[in-house]
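Take a look at the structure set out below.
The values are calculated or read from the model by the stated rules, or taken from the named source; none is laboratory data. Note that this is a predicted model, so its numbers are computed, not measured. Quick reminder, even Gly has a Cβ in these numbers, built from the backbone with ideal geometry, and neighbours come from all protein chains shown.
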């Protein structure tokens, strides 16, 4: 395999195409401009959303979702994960009230916290895309 400039790469060196830059697709494409100011309901969800992104090691480059767009892929992910964890929290609670033990209470609390974090990120993403 030849490199972009026509020379052979060194043995054992990974080949790299220098002409490819970042290529956003429909799931990662966001507007080039900064996100708009959040309405009151979006700003209320912002601290929880930022904490959730930080806890999941997915902190945006700008440090906060106030200055960084929520990508369409992230929106889809938080909707699916939020619905799943909310359903698991309900299942844990129902089983807990039918005589389950303390692990179900811990599971319900963890799932509820994850669902709340997903909801907060979803609210911030929806606030960024609102028509005003």
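Taking the stretch 50-59 as the search range and keeping residues that are crowded, with 19+ Cβ neighbours inside 10 Å and out of contact with any helix residue (DSSP H, G or I) (no Cβ under 6 Å at 6 or more places or on another chain), which one is nearest to residue 34 (Cα to Cα)? Even if it seems obvious, please write down each step before you answer.
Going residue by residue through the stretch 50-59, those that are crowded, with 19+ Cβ neighbours inside 10 Å are 50, 52-53.
Next, from what is left, pick out any that are out of contact with any helix residue (DSSP H, G or I) (no Cβ under 6 Å at 6 or more places or on another chain): 50, 53.
Values: 50: 17, 53: 19 Å.
Restricting to residues being crowded, with 19+ Cβ neighbours inside 10 Å and out of contact with any helix residue (DSSP H, G or I) (no Cβ under 6 Å at 6 or more places or on another chain), the top hit is 50.
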Boolean, residue 130 is loosely packed, with under 14 Cβ neighbours inside 10 Å, at pLDDT below 95 and under 20 Å from the mean Cα position of the chain (by Cα): yes
Filtered residue count, the stretch 77-97, keeping only those that are surrounded by 14 or more Cβ atoms within 10 Å (Cβ to Cβ) and either closer than 19 Å to residue 128 by Cβ or within 13 Å of the chain's Cα centre (by Cα) (or both): 5
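How many of the residues in the stretch 60-76 are surrounded by 15 or more Cβ atoms within 10 Å (Cβ to Cβ) and more than 14 Å from residue 118 (Cβ to Cβ)?
Of the stretch 60-76, the ones surrounded by 15 or more Cβ atoms within 10 Å (Cβ to Cβ) are 60, 64-66, 68-72, 74-75.
Of the ones still in play, those that are also more than 14 Å from residue 118 (Cβ to Cβ) are 60, 64, 66, 68-69, 71-72.
Residues that pass the stated criteria total 7.
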Quick test of your reading of the structure: residue 37 fulfils all but one of (1) under 30 Å from residue 66 (Cβ atoms); (2) surrounded by fewer than 12 Cβ atoms within 10 Å (Cβ to Cβ); (3) modelled with pLDDT under 90. Name the failing condition by number. (3)
